[in-house]
Amino acid sequence: MLPMRTITLLLCLVAFGAAQAQHNNLDKLNWKQNLELANDLYSRNSFYNAIDFFEKVIKDKPDNLDARYKLAESYRQIRHYEKAENLYRLFTPEDSKTYPLAVYYYAAMLKANGKHVEAMEAFKVFIQNPNGAASSYVSWAQVQLKGCELYANKSNNPDITVKHAGGNINGAYPNFGAVYESANTIVFSSIVSDTAIVVRSGETTMPATNKLYRSKASGSAWGVAEPLIGLNGESHTANGSFSADGKLFFFTRCTTNEKLENTCAIYVSRVVNGEIEPAVKLPESINRSGFNNTQPAAGVYNSGQQALYFASNRDGGKGGFDIWVVNYNPESLTFGNPVSLSDLNTPWDEVSPFYNANSNTLYFSSNGHAGVGGLDVFSSQESEGVWAATAHLDKPINTSADDWYFTLGKDGLQGFVSSNRPGSISLLASTTSEDIYTVSIKKTVNYYGYVYQLGDTNEIPLKDVTITLYEKNSSTGKFEEVIGYKPEFNAQGQFNIPLRAGNDYKLIATKPKYLNDIKQVTKQEIDLVADGKKFITFSLDKIEKDKVYKLDNIYYDYNSANLRDSSKAVLDGLLTLLTNNPSIVIELSSHTDSRGGADYNKTLSQQRAESCVKYLIEKGIDPKRMVAVGYGKEKLLNNCDDKSKCTEEEHQVNRRTEFKVLGELEEGNIIKQ
């Protein structure tokens with residue numbers, strides 16, 4: 001297990017102030033006395049206080065390598081990334097033999113400061129020569145290196161907006177874990193103080209503790225926060241989570257020892273008529289003695305089974321903090337045995353779970369998966385007890401800093417993330433404290449379903465199917481292929497295609513030896529989907545020789561063989577068919593209605609058929625694979641001949657463009673008949 005910022009991880013507690021020791025006048029201490037105090041504070045995890053004395057030591061004794069290393073470590077622990085980076089940089093290759101992790105943490109601080117290219121080089125140096133550092137750190141460096149590469153390939157997702165949630169719920173101390181109580185009310189955790197909090201030597205109670213607060217929306221901002229009545233006390237109280245029906249509220253209480261180490265346990269309260277009742281501690285199976293059990297997140301499966309996710313550093317996991325889950329009965333509040341989510345956990349830390357029941361998605365933060373920062377937010381979808389591979393959430397949700405406590409409201413479009421990214425409020429550097437940020441996500445609807453053969457009453461999903469996505473260009477009005485997009489199919493042949501609101505789309509399903517099927521999805525249709533998902537199917541008609549297929553919506557200008565742009569879009573579907581079936585030979589035919597002379601109509605239809613073929617040739621189709629035929633009015637589909645009086649709609653039936661498969665090309669360009 002690798003060390004984690006225990007203070008920040010569990011409750012984000014920080015302590016400032018002058019150390020109280022046997023020395024009465026701290027300003028007149030010599031460097032040895034300052035070092036003694038610094039080491040004592042450092043051993044008790046009082047890093048803020050230790051920094052003051054290590055700085056004095058370094059001022060008098062700049063060559064004191066141990067003091068410099070511990071000063072760098074102290075700045076790293078409080079997440080003053082810039083100061084830590086500058087100190088680690090001073091360690092020479094020779095120094096690294098004594099302090100091998102100096103190189104690793106130098107790389108980590110470069111990464112935290114957004115210098116990912118430099119960080120990559122530093123991680124490579126450490127991996128090549130770890131100077132005796134534990135192999136676990138070498139493995140961790142390899143994960144970090146992948147994270148730097150990920151950063152280079154990631155850009156901000158334009159569909160996601162992240163903003164500071166404002167001063168009514170954020171202050172100088174860590175503010176985190178915002179969850180929706182209702183559409184316009186949130187509950188979160190904070191230490192409310194505008195001045196330095198002094199923790200004096202020997203004190204067994206903290207002068208300020210994390211408490212749960214409630215804030216209601218006030219226009220476009222969050223209102224002044226008020227303490228949550230009935231749950232807060234002398235111990236740290238944080239990490240709230242409501243059950244899906246709002247009838248239960250889970251949270252964490254923690255006690256802190258003299259070394260500022262927390263011991264946490266999970267509690268639950270019933271919510272009756274909007275009032276949160278007194279809490280009860282969850283059983284030993286959840287709150288394993290000797291370990292930290294924290295950050296509960298209530299969830300519910302499609303079956304209706306209630307589940308509780310939480311983070312714990314108990315044994316039986318992969319190491320560090322892991323995500324665990326336990327089923328429970330909400331009426332009797334009886335719980336099963338927790339299970340580690342081994343598919344998602346790593347030897348490092350997985351924390352702050354959140355379960356979105358609408359999408360069966362678990363969100364959590366980790367420093368053990370490749371990410372762009374320290375703690376990054378990841379997700380995984382659950383299906384019948386199986387968790388999919390983790391997905392890294394886009395920037396700007398994830399940054400070079402720590403990003404965790406990601407939650408969403410019921411609509412899945414508004415939520416929160418806690419982060420120490422630049423711009424956060426703090427008594428020191430902005431990265432030394434968490435703030436709550438709002439997350440707004442442009443609506444996305446997951447279109448899911450399968451592709452089957454037309455006429456198959458059992459609708460068995462076809463294999464080896466490709467679905468190509470086209471998005472309408474708002475400037476040109478044309479559909480353009482989304483380059484590089486390939487929807488995934490699961491083992492059952494079902495696809496999932498997320499489509500953003502505000503756009504029109506076209507989906508084309510293709511398979512060799514089959515005709516394409518096209519679905520168009522309008523932005524109006526997406527807006528009407530309430531639950532974020534919609535079921536669709538594609539049916540592909542197997543190609544048969546000499547069977548005639550109509551190409552709908554092929555239009556020409558009056559008395560002209562020139563193709564309109566809209567007609568070219570239809571021919572692009574035939575282009576895809578010919579590209580996916582490179583051996584077939586087709587006849588492409590054009591037909592007119594009965595009006596006009598026979599010779600004129602035949603000539604015009606021949607020219608129109610040739611226009612279609614010419615377009616496909618320009619797109620790269622071999623001319624040997626297409627035969628253009630103009631039939632004029634020889635093959636009417638109804639009784640609208642020269643002697644009949646018909647409506648315009650009846651005449652339109654006969655004005656058409658068709659194709660049929662003549663056979664296949666063999667070597668030597670011989671057509672199979």
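Computed over protein heavy atoms with a 1.4 Å probe, the accessible surface of the range 54-102 works out to 47 Å² per residue.
Segment Gln492..Ser182, full-extension length gain: 107.9 nm, with 0.36 nm per residue of separation and the alpha-carbon distance subtracted. Computed with a 1.4 Å probe over protein heavy atoms only, the accessible area of Glu55 comes to about 70 Å².
Simple rule: put +1 on each Lys or Arg Cβ and -1 on each Asp or Glu Cβ in the chain, find the dipole, and look at Ala225, Ser190, Thr431; the Cα lying farthest toward the positive end is Thr431. Taking the Cα centre of the range 587-643 as reference, the dipole from Cβ charges on Lys and Arg (+1) and Asp and Glu (-1) amounts to some 100 debye.
Measuring r between the beta carbons of Thr537 and Lys146 and using R0 = 56 Å, the FRET efficiency lands at 0.90.
Over the chain, Cα pairs under 8 Å with separation of 6+ residues give a relative contact order of 9 percent.
Taking every protein chain into account, the 1.4 Å probe leaves Phe335 with about 40 Å² of accessible area, to the nearest ten. Carbon and sulfur atoms: what percent of the 1.4 Å accessible area of the range 429-508 do they account for? Ligands and nucleic acids excluded, carbon and sulfur reach 47 percent.
Dividing the helix sum by the residues of the chain, where each DSSP H run of 4 or more adds -39500 (n - 2.57), gives a mean residue ellipticity at 222 nm of -7000 deg cm²/dmol.
Let me know the shape class of the range 39-198, please: from the alpha-carbon gyration tensor, a ≥ b ≥ c as square roots of the eigenvalues, rounded when a/c is under 1.5, otherwise prolate if a/b is greater than b/c, or oblate. The shape class here is oblate. Full extension of the chain segment joining Lys61 with Ala391 gains 114.0 nm, where the gain is 0.36 nm per residue of separation less the Cα-Cα distance. Legend: distances between Cα atoms for Lys478/Lys633; Lys70/Lys211; Lys247/Lys410; Lys547/Lys614; pairs beyond 26 Å are Lys478/Lys633; Lys70/Lys211. When the residues Lys216, Lys463 are ordered by accessible surface, computed with a 1.4 Å probe over the protein chains alone, the sequence from largest down reads Lys463, Lys216.
Cross-link partners for Lys154 among the lysines, with Cα-Cα distance under 25 Å and sequence neighbours closer than 8 places in the same chain left out: Lys111, Lys115, Lys124, Lys146, Lys163, Lys395, Lys442, Lys443, Lys472, Lys486. According to the Kirkwood relation over distinct C-alpha pairs, the hydrodynamic radius of the chain is 29.4 Å. Relative to the Cα centre, the charge distribution of the range 541-673, modelled as +1 at Lys and Arg Cβ and -1 at Asp and Glu Cβ, gives a dipole magnitude of about 80 debye.
Of all complete DSSP H helices in the chain, those with a Cα span along the helix axis of 24 Å or greater and a mean Kyte-Doolittle hydropathy of -0.5 or more are 135-152.
Taking label points 7 Å from Cα along the Cα-to-Cβ direction, Asn30 and Glu649 give a separation of 10.6 nm. In the chain, a dipole from Cβ-located charges (positive for Lys and Arg, negative for Asp and Glu) runs towards its positive end, and of Asn638, Phe364, Asn175 it is Asn638 whose Cα lies farthest in that direction. The fraction of accessible area contributed by carbon and sulfur in the range 521-586 is 48 percent, rounded to a whole number (1.4 Å probe; ligands and nucleic acids excluded). Surface exposure of the range 519-627, expressed per residue as accessible area with a 1.4 Å probe, stands at 52 Å².
Averaged over residues, the count of other Cβ atoms within 10 Å places the peptides 561-570, 291-300, 578-587, 468-477 in the sequence 291-300, 578-587, 561-570, 468-477, highest first. Surface listing: Asp642, Asp95, Asp546 arranged by accessible area from highest to lowest gives Asp642, Asp546, Asp95, probe 1.4 Å. Report the gain in length on full extension from Tyr549 to Arg564: 0.36 nm times residue separation, minus Cα-Cα distance, nm rounded to one decimal. So the chain would gain 3.4 nm between Tyr549 and Arg564. Heavy atoms of the protein chains alone define the surface here; on that basis the range 279-376 has 33 Å² accessible area per residue at 1.4 Å probe size.
At the residue level, His80 shows approximately 30 square angstrom of accessible surface with a 1.4 angstrom probe and all protein chains present. Placing +1 on the Cβ of every Lys and Arg and -1 on the Cβ of every Asp and Glu, with no other charges, gives the chain a dipole of roughly 520 debye about its Cα centre. A dipole drawn for the range 475-629 from +1 and -1 charges on Cβ atoms has a positive end, and of Tyr555, Ser539, Ser583 the residue lying farthest that way is Ser583. Ranked by the mean number of other Cβ atoms within 10 Å per residue, highest first, peptides 278-286, 371-379 order as 371-379, 278-286. Counting only protein heavy atoms and a probe of 1.4 Å, the accessible surface of the range 53-195 is 50% carbon and sulfur.
The values are calculated or read from the model by the stated rules, or taken from the named source; none is laboratory data. In this text the structure is predicted, and so the values were computed from the model without any measurement. When we count neighbours, we look across all protein chains shown, and the Cβ atoms used for this are built from the backbone with ideal geometry, even at glycine. We work out accessible area using only protein heavy atoms, side chains counted, and drop any ligands, DNA or RNA first. Shrake-Rupley method; radii C 1.70, N 1.55, O 1.52, S 1.80 Å.
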